Structures are given as C-alpha cells and as structure tokens.
Amino acid sequence: MSEEWGPWVEHDGKGCPPSLIGEVALIEFKLAANDEDGGVAGQVVFTETIINEMMAELPEWRRDRFGSYAIRPDNGRVYAVADVIRYRIRKPRGLTILEDIARGVREPVQEGVG
C-alpha cells in the first residue's frame with residue numbers, strides 16, 4: 001500500500017495548502033475530545049478523503065483552532081476541533097502503473113556475444 005502514496009508531509013498548522021484541493025489524501029490527526037464514533041481525546045486517527053473546497057476550509061487545518069468548538073458541515077452538530085498532524089497524497093493510478101512497468105524492465109540480453 002505504501003507505494004500507492006507519496007511521502008508523509010508534516011503539516012505546519014497554517015491552513016490547508018491550496019495544492020491539496022482535488023487530491024485524495026490520507027490525513028493523520030489528533031482528537032481534541034471524545035467523539036461520537038468512540039474516539040478518545042488525544043487519540044491519533046487516520047482518515048482517507050478527497051480534499052474539496054469545503055474540506056480545505058475546515059478548522060482542523062489551523063493549529064490555533066485545536067480544541068475549540070465548531071459546527072460539522074455534514075450534520076450540523078457541534079464538535080471539538082481536531083489537529084491535522086501530517087498527510088500524504090495518493091499517487092494517480094497511471095503513475096503507479098508506470099512505476100510497476102519500470103520495475104519490471106530488465107537489462108537487454110545480448111545474443112551472440114562471446
């Protein structure tokens with residue numbers, strides 16, 4: 001699975017980088033409080049998602065908002081803002097296919113030498 005993903009990028013806490021919009025990302029973040037899904041305050045969790053403009057505006061991307069309260073855009077509930085620690089981008093499928101092909105290329109065999 002690691003070959004499908006780019007390297008981990010440590011998040012600077014200054015908002016979502018605009019270059020992430022439209023990308024599939026694996027995001028590691030720390031919970032600020034217990035949540036309705038069984039998460040515990042301080043727990044590090046992962047989520048895989050497509051970063052759209054709404055996702056890019058979430059307060060989780062800003063470290064100064066960690067632990068504050070916000071309203072979830074998907075269900076309108078109040079929640080404690082988590083903290084994005086790092087993320088990685090899924091490589092485009094075509095790139096992983098090309099990498100597999102390149103790994104399979106062998107040195108040409110020289111016939112009739114000797």
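Here are some notes:
- Rounded to the nearest whole Hz, the Karplus-based 3J(HN,Hα) values (6.51 cos²θ - 1.76 cosθ + 1.60, θ = phi - 60°) of the stretch 18-35 follow the sequence x, 5, 7, 4, x, 8, 8, 10, 9, 10, 9, 9, 10, 6, 8, 7, 4, 10, with x at glycine and proline.
- Note: relative contact order over the stretch 1-55, using C-alpha pairs below 8 Å and six or more positions apart, is 34 percent.
- Inter-probe distance in nm under a simple model that places probes 7 Å from Cα toward Cβ, at Ala41 and Arg90: 3.4 nm
FYI, it's all coordinate maths here, none of it is from the lab. Since the model is a prediction, treat every value here as computed from it, not as a measurement. Cβ coordinates were reconstructed from backbone atoms using ideal geometry, including for glycine residues, and neighbour counts include every protein chain displayed.
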